[in-house]
Amino acid sequence: MSEEIILSINGASKRFGGLQALSDVSIKIMRGQIYGLIGPNGAGKTTFFNVITGLYQPDTGTFELGGKPYSPSAPHEVAKAGIARTFQNIRLFGEMSAVENVMVGRHVRTHQGVFGAVFHHKAAREEEAAIKKRALELLDFVGIAKFANRT
């Protein structure tokens, strides 16, 4: 297992008026590891994710992504940097299959763009096939591959 730190947060704080939602939070996320964040209601879990993903600007703290300074900005810029999130009240696309719902999250990082998708260029088809393959692997990883084609 690699010991590479992919995300480092040091001293993150966030205040909303008189409420200190985060206070001096630090964490190092290592490549290849799975992490969980647990705590009671109101502990700041959602605020922490909102700070990391650019929905809220931190009041204090330093952030590094891949060993380089990282400043959580607009959510679409954060997604381009490789950080994504889901929301507590997840809304799936009901008319789409499970694998298609997983694929949606990857399209922000495609290279072919609208032109390639509309005209079905070979590179766009190959990229779409690779995205589908990875989505199926992820469904298998969480034990629901048998539902891949269900809506």
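Worth pointing out:
- Among the residues of region 37-70, those that are outside any strand (DSSP E or B) and of a type in the set (A, V, I, L, M, F, W, C) comprise L37, I38, A43, F48, F49, V51, I52, L55.
- Of all the numbered requirements in (1) closer than 27 Å to F141 by Cβ; (2) in contact with a helix residue (DSSP H, G or I) (Cβ under 8 Å, 6 or more places away or on another chain); (3) in a loop (DSSP other than H, G, I, E, B), I34 misses one, and that requirement is (2).
- Test for L7: is it in a strand (DSSP E or B), within 15 Å of the chain's Cα centre (by Cα) and either exposed (fewer than 11 other Cβ atoms within 10 Å of the Cβ) or modelled with pLDDT under 95 (or both): yes
- Some residue of region 49-68 being among the small types (G, A, S), touching a Ser or Thr at 6+ places or on another chain (Cβ under 7 Å) and surrounded by fewer than 16 Cβ atoms within 10 Å (Cβ to Cβ): no
- Residue list for region 47-90, restricted to those being under 12 Å from the mean Cα position of the chain (by Cα) and of a type in the set (G, A, S): G54, A79, A81, G82, A84
The values are calculated or read from the model by the stated rules, or taken from the named source; none is laboratory data. Model, not experiment: these values are computed from the prediction. As a convention, Cβ positions derive from the backbone with ideal geometry for all residues, glycine included, and neighbour counts pool all protein chains shown.
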